[in-house]
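The values are calculated or read from the model by the stated rules, or taken from the named source; none is laboratory data. If you're wondering where the values come from, they're calculated on a predicted model, not measured in any experiment. Methodologically, a virtual Cβ is constructed for each residue, glycine included, from the backbone with ideal geometry; neighbour enumeration extends over all protein chains shown.
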């Protein structure tokens, strides 16, 4: 392959600023190129040609240099005032399609470094004109276009397949949790460990009776408040049959449920570390509490809400907004720390907290949480409704067996998810390598 020429974009192309206000444009029959991925429409057109459309402002702003998209457009179209159209002067020397492929795939190395500004980062048309590009002969430009389109098609197919596999793994995860609460994961275990009436380890009815007694004692001792009457569970509320030795019950009969507390008006959270961490919904993810962006209470604020804490023996559950029903365990670092009013703490009585966590995550419970959501300005699940959640209760020994089985299967699923993520990364690296080699004029 002969050595390719190199030239400045400004020597080979006209660069024209867009004239259409994106906010004030009138929809119509012509494409309107904006900074995002999707085209808008316009009732007038500015160009009738093939062009590369480049945003003149950063995609993220806030002092960051980024360009999410460089567009190709042909025919009659308009572009926004915050973009520029780069139009080859002589298509027999440089085609707009070839220029687009080069600039879009290498925008982060040839365009983004030219952006300037502090708060409002922008790219000037003068800087675009200064960009040096390879200019192979026209037939080689077309060959590269065909090759890259083929590579991109294969890359999209590969990503679609990995995404499909990822979705299957998500469904598999939900199936594991559902089979756990139905007792299917531990069917073999039960054959080796039959029910022993009256034994908490092997008889859930005995376990539930013990929990009831413990709750009554704790109420008398003033350790927890007496809850309102919980309705009986009708047969129509039971979606599946339980294994021998299991019982149906409501969450309020297994645990003490309390809400958190809002930071008082006139007080604020701080990033400056103090002994008092305030746990927000944004800190709750992945079945745990994150410490990457911790907020703290000062002494004065803590005194107002010091009774609203959560312990390492509790579970949390979000009860407001789009994440209602998301739950998790409490790491030691957050033991006895303050909890937001947008979450509830669930303190199990005798029941294994890991078993409750996997049960809450199951489709059976998640569907209940959705049904209990109450629309009052924003989505919210009242604590008294949370208490009525129906729970399948196995005996203590089987709870532990369920946890072990779920953990084993989830470890396998996590490993498969890592492999899918690695394949995606490798596919992207391969695409970039092929593109670099394709445009290597040497």
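Pick from 311, 300, 292, 282: which is closer than 21 Å to residue 352 by Cα and either touching a strand residue (DSSP E or B) at 6+ places or on another chain (Cβ under 7 Å) or surrounded by fewer than 19 Cβ atoms within 10 Å (Cβ to Cβ) (or both)? Lay out the reasoning, then the answer.
Numbers: 300 fails: closer than 21 Å to residue 352 by Cα; 292 fails: closer than 21 Å to residue 352 by Cα; 282 fails: closer than 21 Å to residue 352 by Cα.
Result: 311 is the single residue among 311, 300, 292, 282 that is closer than 21 Å to residue 352 by Cα and either touching a strand residue (DSSP E or B) at 6+ places or on another chain (Cβ under 7 Å) or surrounded by fewer than 19 Cβ atoms within 10 Å (Cβ to Cβ) (or both).
Among strands (runs of 3 or more DSSP E) lying entirely in the stretch 356-438, which contain 1 or more residues that are surrounded by fewer than 15 Cβ atoms within 10 Å (Cβ to Cβ) and not assigned by TED's automatic domain parsing to the domain that holds residue 106? It would help to see each step written out before you state the result.
Details: elements: 374-376, 378-380, 390-393.
In the stretch 356-438, 374-376, 378-380 are the strands (runs of 3 or more DSSP E) which contain 1 or more residues that are surrounded by fewer than 15 Cβ atoms within 10 Å (Cβ to Cβ) and not assigned by TED's automatic domain parsing to the domain that holds residue 106.
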Residues of the stretch 213-228 classified as more than 14 Å from residue 348 (Cβ to Cβ) and out of contact with any strand residue (DSSP E or B) (no Cβ under 9 Å at 6 or more places or on another chain), total: 9
Flag for residue 23 being over 21 Å from residue 129 (Cα atoms), in the same structural domain as residue 131 (by TED's automatic domain parsing) and either without any contact (Cβ under 8 Å) to a residue 60 or more places away in the chain or buried (at least 16 other Cβ atoms within 10 Å of the Cβ) (or both): yes
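When only residues in the stretch 64-76 that are touching a helix residue (DSSP H, G or I) at 6+ places or on another chain (Cβ under 8 Å) and outside any loop (DSSP other than H, G, I, E, B) count, which is surrounded by the fewest Cβ atoms within 10 Å (Cβ to Cβ)? So that I can check it myself, show each step before the final result.
From the stretch 64-76, those touching a helix residue (DSSP H, G or I) at 6+ places or on another chain (Cβ under 8 Å) are 65-67, 69-72, 74; that's our starting set.
Within this subset, residues satisfying the condition of being outside any loop (DSSP other than H, G, I, E, B) are 71-72.
Numbers: 71: 23, 72: 16.
Filtering first and then ranking leaves 72.
Taking the residues in the stretch 145-155 that are touching a helix residue (DSSP H, G or I) at 6+ places or on another chain (Cβ under 8 Å) and surrounded by fewer than 17 Cβ atoms within 10 Å (Cβ to Cβ) as candidates, determine which candidate is farthest from residue 438 (Cα to Cα). Step through it out loud before you land on a result.
Narrowing the stretch 145-155 to residues touching a helix residue (DSSP H, G or I) at 6+ places or on another chain (Cβ under 8 Å): 145, 147-148, 151-152, 155.
Cutting the leftovers down to surrounded by fewer than 17 Cβ atoms within 10 Å (Cβ to Cβ) gives us 145, 147, 151-152, 155.
On the way: 145: 10, 147: 8, 151: 11, 152: 13, 155: 15 Å.
Among those residues, the one meeting the criterion is 155.
For every residue, the table says whether it meets (1) within 28 Å of residue 27 (Cβ to Cβ); (2) in contact (Cβ under 8 Å) with a residue 12 or more places away in the chain; (3) assigned to a loop (DSSP other than H, G, I, E, B).
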| position | (1), (2), (3) |
| --- | --- |
| 59 | yes, yes, yes |
| 62 | no, yes, yes |
| 78 | yes, yes, no |
| 84 | yes, yes, no |
| 90 | no, yes, yes |
| 103 | no, yes, no |
| 108 | no, yes, no |
| 118 | no, yes, yes |
| 142 | no, yes, no |
Number of the exception - residue 159 against (1) in the same structural domain as residue 393 (by TED's automatic domain parsing); (2) more than 30 Å from residue 258 (Cβ to Cβ): (1)
Sole residue being at pLDDT 95 or above and in contact with a helix residue (DSSP H, G or I) (Cβ under 9 Å, 6 or more places away or on another chain), chosen from 174, 142: 174
